[in-house]
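As structure tokens, the structure follows; a few thoughts come after it.
The values are calculated or read from the model by the stated rules, or taken from the named source; none is laboratory data. Model, not experiment: these values are computed from the prediction. A quick note on method: Cβ atoms are made from the backbone with ideal geometry, for glycine too, and the neighbour counts reach across all protein chains shown. Note: areas computed on protein heavy atoms with side chains; ligands, DNA, RNA excluded. Shrake-Rupley method; radii C 1.70, N 1.55, O 1.52, S 1.80 Å.
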Amino acid sequence: MSLILGLDLGGSSIKAGAVDAATGQLVGDTQSAPTPPGAPVAATRDAIAALVARFPQCSGPVGLAFPSVVDRGVTLTAANIDRAWIGVDAAALLSAAAGRPGVVVNDADAAGVAEMHCGAGRGEQGVMMMLTFGTGIGSALFVGGHLWPNTELGHLEVDGREAEHIASARVRTEEGLDWPAWTGRVNRVLGCYEALLWPDLIIIGGGVSDRFEEFGSLLKARARIRPAGLRHAAGVVGAAMYAAKSLQV
Ligand code: BGC
């Protein structure tokens, strides 16, 4: 079995896991390390290198799910990370840190690809919207199983503010919102997304999806709503799938 390493960089932690390249299944538990505060480029690279070294069982390319628009390995935005990431060839930086080929992709796109292949979106042929709630709000949009990359719906203006500034998981924690208060805001955001994009299925991911049982019944939308099948590990699995696919392991 060929094991590929997937990494997912979030605002508070970097998660990593070994993924079976043939099936897309996580093998063993994920491990994590703290994200250096503000995610400066050099410190983040070093933290990634240390995490990679904890997975000697993995070989071949390394995939990284990253909270930025990513175009051919170059990070183009930096909403919740150091602005110095804008314009960085993150794939080259990852390759140097890992000592083997690196693939970098938007974090929500990675999570969405994993959910479409082996999670809550498997077999979905209509319009599927994956949303990740963490430090920001990430989005991945699929039509007939095909991804429209880098959709960035977390930055859509809702009631005069960016959606992720009113309804991310970080905002829930920082403002001490209970589930009804937070889901009320999420429902407002979902309503705006639905008015523009009319998804058939919305998958809720990110770290908060581990607690979907506590708030899922409060979410309201025209579309069907499901928690991420892979929960918080969707980004890790998707990153590894990208790495395996792009280099045909
Ligand atoms: C970033 C996205 C990312 C999302 C979730 C947003 O602030 O702009 O690229 O997918 O956060 O991490």
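Figures for the structure shown
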quantity	calculated
Mean Cβ neighbour count within 10 Å, used as a protection proxy, ranking 42-48, 93-99 highest first	93-99, 42-48
Most mobile listed residue (LEU218, LEU141, LEU64) in the chain, GNM with C-alpha springs under 10 Å	LEU218
Paired Rg and Dmax values of region 79-144, which use every Cα atom, in angstrom	14.5, 40
Accessible surface of the chain [probe 1.4 Å, protein heavy atoms]: carbon and sulfur percent	55
Largest to smallest principal axis extent of the C-alpha atoms in the chain, angstrom	45, 37, 30
Quarter of Cα convex hull surface for region 2-69, i.e. mean projection, nm²	4.7
Equivalent-ellipsoid semi-axes of region 123-229, from the Cα gyration tensor, Å, largest first	21, 15, 12
For region 1-116: relative contact order, % (alpha-carbon pairs under 8 angstrom, 6 or more apart)	25
Percent of beta bridges antiparallel (DSSP, region 126-249, rounded to nearest 5)	55
